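> Structure provided below as structure tokens; questions to follow.
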Amino acid sequence: MKTRLNTRILEILEWPAIEEKLVSLCASDAGKRLVSRLRPVPFNRISLQMKKITGLRGLIERGAPPVLAGIADISSYTALASKGGVLPAEDLLVIRNFTAASGRIRSYLGTHKEEFPQLSDEHDRIDPLPELTRTLASAITDDGQLNEEKYPVLKKIKNEIFSARQEIEKRISKIIHSPDNEKIIQEKTWTTSNGRYVILVKSGMRNKLNGNMHDMSASGATVYFEPGELTGLNNNIIMLERELVLEIQKILAELSSEVAENSSLLDSNQRVLTYFDFICAAARLSIA
């Protein structure tokens, strides 16, 4: 009976319509989910919350709104890192932007702390995480890649792969355009099979070249053939690519470990910033 009564009261108050407007004004998905869980609370809590909303309304109206970009639900990322998981660079970018938002919003609240002391609780509960913020800011680029300026070994390996590919493509060009191979080559082009450079050779002529067959076309007329002189070059490229993957995983593991060390503070910041997103939405709704 109590649940039905509460639901009826919410309908009379047009709570679903208010909730819909608040959701549309939240900057983050985490804030939107918080709004969907809102229910009326005791007067003493509402009184303080209204003071926070009123303070933010005043700041927004006079042209000093907070920048909410970067607020996100990072709980699944911190949970994975805490269990020893390795976060991909795109997830670390989300955390990078979140830590930047934490510091920025804390600074914003600090600037207006004396004027609006009712917002001091949010200011005091946000940890700016300066070391993690600096680490992620220098490690992850804006497009979610590892920063090769910070990790020059990645650039070195990529340059070696590029040079190796140029060399093998130069060799292939000579093979497929050689007059000696005119009757052997099916098409004057190349492709890759399982990461290895191969040329297209007529099935009946595959024994005319030294090397290994890797695949065959559906018709059986063409084989994907690796000439012997390409084997060492192919092996080198594969080795370099594996080296690159291992180096990337090593860096991501180190960064994920730092996230894990700060997971409890990150989760605490998320709760504060999610609530702050909500009261900012409420302030904008109040203005509207």
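The values are calculated or read from the model by the stated rules, or taken from the named source; none is laboratory data. This one's a predicted model, so the numbers in the text were calculated from it and none came from an experiment. Cβ coordinates were reconstructed from backbone atoms using ideal geometry, including for glycine residues, and neighbour counts include every protein chain displayed. The protein model used for the area step is the full one, side chains on, heavy atoms only, and it has no ligands, DNA or RNA in it. Shrake-Rupley method; radii C 1.70, N 1.55, O 1.52, S 1.80 Å.
> Could you please give the count of residues in the range 190-215 that are small (G, A, S), part of a helix (DSSP H, G or I) and in contact (Cβ under 8 Å) with a residue 12 or more places away in the chain?
Final tally of qualifying residues: 1.
> Right, next: Open to solvent by 60 Å² or more (accessible area, probe 1.4 Å) and under 25 Å from the mean Cα position of the chain (by Cα): is that true of R284 in this structure?
no
> For the list (1) in a helix (DSSP H, G or I); (2) open to solvent by less than 80 Å² (accessible area, probe 1.4 Å); (3) within 26 Å of F276 (Cα to Cα), I need the number of the one condition that P128 fails.
Checking P128 against (1) in a helix (DSSP H, G or I); (2) open to solvent by less than 80 Å² (accessible area, probe 1.4 Å); (3) within 26 Å of F276 (Cα to Cα), the one that fails is (1).
> Of all the residues that make up the range 110-139, how many are of a type in the set (A, V, I, L, M, F, W, C) and without any contact (Cβ under 8 Å) to a residue 60 or more places away in the chain?
1
> With the structure loaded, tell me whether S219 is of a type in the set (S, T, N, Q), surrounded by fewer than 20 Cβ atoms within 10 Å (Cβ to Cβ) and part of a helix (DSSP H, G or I) or whether it fails that test.
Taking the combined requirement at face value, the residue does not satisfy it.
> For S219, work out the one condition from (1) under 30 Å from S36 (Cβ atoms); (2) among the hydroxyl-bearing types (S, T, Y); (3) free of Cβ contacts under 8 Å to residues at least 40 places away in the same chain it doesn't fulfil.
(1)
> Looking at the range 214-265, which of its residues are over 23 Å from the mean Cα position of the chain (by Cα) and of a type in the set (V, I, T)?
T222, V223, T231, I237, I238
> Quick test for you: out of Y197, Y151, pick the one residue that is surrounded by 15 or more Cβ atoms within 10 Å (Cβ to Cβ) and closer than 30 Å to L93 by Cβ.
Y151
> Give all pairs with beta carbons closer than 7 Å in which a residue from the range 143-167 that is in a loop (DSSP other than H, G, I, E, B) meets a residue that is surrounded by 15 or more Cβ atoms within 10 Å (Cβ to Cβ) and of a type in the set (S, T, N, Q); count only pairs at least 6 apart in sequence or on separate chains.
Pairs found: N147/T141.
> Just to verify a result, which residue in the range 1-40, among those that are of a type in the set (A, V, I, L, M) and open to solvent by less than 50 Å² (accessible area, probe 1.4 Å), is nearest to A69 (Cα to Cα)?
A30
Residue-by-condition table, conditions (1) surrounded by fewer than 16 Cβ atoms within 10 Å (Cβ to Cβ); (2) assigned to a helix (DSSP H, G or I):
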{"position": "S47", "(1), (2)": "yes, yes"}
{"position": "G63", "(1), (2)": "yes, no"}
{"position": "V67", "(1), (2)": "yes, no"}
{"position": "A72", "(1), (2)": "no, no"}
{"position": "L87", "(1), (2)": "no, no"}
{"position": "D91", "(1), (2)": "no, yes"}
{"position": "V94", "(1), (2)": "no, yes"}
{"position": "L119", "(1), (2)": "no, yes"}
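> Looking at K32, K21, K52, which one is without any contact (Cβ under 8 Å) to a residue 60 or more places away in the chain and not aromatic (F, W, Y)?
Of K32, K21, K52, the one residue that is without any contact (Cβ under 8 Å) to a residue 60 or more places away in the chain and not aromatic (F, W, Y) is K32.
> Separate question: E187 versus (1) part of a strand (DSSP E or B); (2) touching a residue at least 60 places away in the same chain (Cβ under 8 Å): which is the lone unmet condition?
(2)
> Can you say whether R242 is under 23 Å from I168 (Cβ atoms), surrounded by 15 or more Cβ atoms within 10 Å (Cβ to Cβ) and free of Cβ contacts under 8 Å to residues at least 24 places away in the same chain, as far as the supplied structure shows?
no
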